[in-house]
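In what follows, a single structure is set out as structure tokens and then discussed.
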Amino acid sequence: MTGLILDDEDGGLALLHDSVAGFAARHPGPAAFRKRRAAGADLDRDTWAKMAEAGWLGLMLPEELGGAGLGLPEQAVLSEALGRALVTEPLAQLSVFAGMLLAGANAGTERARLAEGLIAGSVIAAPAWQGRKGAPAPVEARVSGDGITLSGRVEFVSAAQSATDFLVLARSGGEDILLSVPADAAGVTVDAHPTLDGTMLAAVSFDGTRVAADRQLAGGNSVGTALDRAIAVTRLMLAAEMAGIATRAIEETAAYTIERVQFGKRIASSQVVQHRLVDMWADAEFANAAVVHAVETCAEGQGLPADLAVLAAKARAGDAAVSITRRAIHLHGAMGFTDDCDIGLFMKRAVALNATLGQPEELRLQFVARERVAA
């Protein structure tokens, strides 16, 4: 399998990819997956701290905020490698999405505090902005004196139980604002439930929650711009992670079919099995190509071509990861359905990521609608 093929003249992308492989050798992803699921936790703080030590949490944050100031190719390679290794800590939401929001926020003490903590792993800033259908759903904000009072409920919040702060989308006087809210503030309630892959998503309610006015990070048009950017970049990194999952699932399955002997023959010698593996390989290669195309198109500038490329990459990689992992379970036979077999964990992770920020059908409809408007 080839994975993502991106220009890497100085070898930096290869080193980044290898660093994840080394990390996974010391901290196996499937083992951490099972441990966190058994504990009912939404974040393994030890693993998260080690990811911070590796410099992964602030990869795309600007240098003026203390980040590495790297770009989409580096983040995509990191996400793809994490997918391969089945490292399932919510980096896409807590690092990529939150980082993009902070990058688009106004300069100030609160923004600097959050960015510094995000990079160090000491601040868990969970974005809280979606309604029941996944679309932006600002909570109500009332400004009075030197404070802001929040009322409302948001859904699909990652790591809400571990969060130190929430990055909350709110609306005041017809204008969207972005706020940081302490997770332990009065009136904040977290209702968390496990998902298919063992991670936790929560509904977070704000009942007369009051925060200081200096916790407002952005307002007006800049909020929508930052949110759109965060959604697009996170979708692309989810696509890269799913491409990694698909690639690793094929590698694991191919190795298993070579080792597995039935009726005196390795099952890999069957042409039926070979044809299925080739079909899976083709789907994974198309997914990797779609991610590379999106990375390269976005690097050329934001706009309609970049938006369409991201939608296509997320849809293609989502379909590929889910279908490949399901076929991989089938080729593993009965053991593929057991929890002791890692291939089932890859499938569950693929399904969960596929549903995040839009299923393929929804994204394709958005693609067609955007393309028609531009025609």
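Solvent exposure of the range 1-122 amounts to 41 Å² per residue of accessible area, where only protein heavy atoms count and the probe is 1.4 Å. What is the list of residues in the range 291-331 whose amide nitrogen lies under 11 Å from a point 7 angstrom out from the Cα of Val373, following Cα to Cβ? Under 11 Å, as judged by backbone N against the label point of Val373, lie 304 of the range 291-331.
Kirkwood radius, the range 49-195, all distinct C-alpha pairs, inverse of mean reciprocal distance: 16.1 Å. Modelled spin labels at Arg229 and Arg260, positioned 7 Å past Cα toward Cβ, are 4.7 nm from each other.
Once the chain from Asp10 to Arg113 is taken as fully extended at 0.36 nm per residue, the excess over their C-alpha distance is 33.8 nm. Please state the shape class of the range 120-218: rounded when a/c is under 1.5, otherwise prolate if a/b exceeds b/c and oblate if not, all from the C-alpha gyration tensor. Prolate, because a/c is 1.5 or more and a/b exceeds b/c. Taken along the Cα-to-beta-carbon direction at a fixed 7 Å, the label points for Ala38 and Lys133 span 4.2 nm. As an exercise, use a Förster radius of 41 Å and the Cβ-Cβ distance of Thr2 and Asp146 to find the FRET efficiency, rounded to the nearest 0.05. Calculated value: 0.15. When a 1.4 Å probe is rolled over the protein heavy atoms, the share of accessible surface on the chain that falls to carbon and sulfur comes to 53 percent.
For the range 310-328, the residues whose amide N sits under 20 Å from a probe point set 7 Å from the Cα of Leu365 along the beta carbon direction are 310-320.
Of Lys133/Lys348; Lys35/Lys133; Lys50/Lys314; Lys35/Lys348, which sit over 23 Å apart, Cα to Cα? Over 23 Å Cα-Cα: Lys35/Lys133; Lys50/Lys314. Surface exposure of the range 220-331, expressed per residue as accessible area with a 1.4 Å probe, stands at 44 Å². Using a probe of 1.4 Å, the accessible surface attributed to Val188 totals some 30 Å² when neighbouring protein chains are kept in position.
Largest GNM mean-square fluctuation among Ala81, Ala120, Ala313, using the chain with Cα springs under 10 Å: Ala120.
Taking a point 7 Å from the Cα of Asp279 along the Cα-to-Cβ direction, the residues of the range 310-345 with backbone N closer than 17 Å to it are 319-333. When only the Cβ of Lys, Arg, Asp and Glu is charged (+1, +1, -1, -1), the dipole of the range 122-217 relative to its Cα centre reaches about 180 debye. Considering only Cα atoms, the convex hull volume of the chain works out to 137 Å³ per residue.
Summary: within the chain, the longest segment free of GluC sites (Glu not before Pro) located in DSSP loops with at most 15 other C-beta atoms within 10 Å is 10-299. Between amide H atoms placed 1.01 Å from N, distances below 5 Å from Gly147 occur with Ala213, all of them 5 or more places distant or on a separate chain. Model label sites at Glu300 and Glu251, defined 7 Å from Cα along the beta-carbon direction, differ in position by 3.1 nm.
Between the alpha-carbon centres of the range 92-117 and the range 352-375 there is a gap of 27 Å. Among Gly40, Ser19, Gly55, whose Cα sits farthest toward the positive end of the charge dipole of the range 1-116 (+1 at Cβ of Lys/Arg, -1 at Cβ of Asp/Glu, about the Cα centre)? Positive-most Cα among the choices belongs to Gly40. Taking Cα centre as origin and charging only the Cβ of basic (Lys, Arg, +1) and acidic (Asp, Glu, -1) residues, the dipole magnitude of the chain rounds to 1180 debye.
Please report how far the C-alpha centroid of the range 27-76 lies from that of the range 187-258, rounded to the nearest whole angstrom. Their Cα centres are 13 Å away from one another. If we count every other residue with Cβ under 15 angstrom of Ala289's Cβ, Lys/Arg +1 and Asp/Glu -1, where does the sum land? With Lys, Arg at +1 and Asp, Glu at -1, the neighbours total -4.
Each DSSP beta bridge with both residues in the chain is either parallel or antiparallel, and the antiparallel ones are about 85%.
The values are calculated or read from the model by the stated rules, or taken from the named source; none is laboratory data. All values derive from a computational prediction rather than experimental measurement. As a convention, Cβ positions derive from the backbone with ideal geometry for all residues, glycine included, and neighbour counts pool all protein chains shown. Side chains included, ligands, DNA and RNA excluded: accessible areas come from the protein's heavy atoms. Shrake-Rupley method; radii C 1.70, N 1.55, O 1.52, S 1.80 Å.
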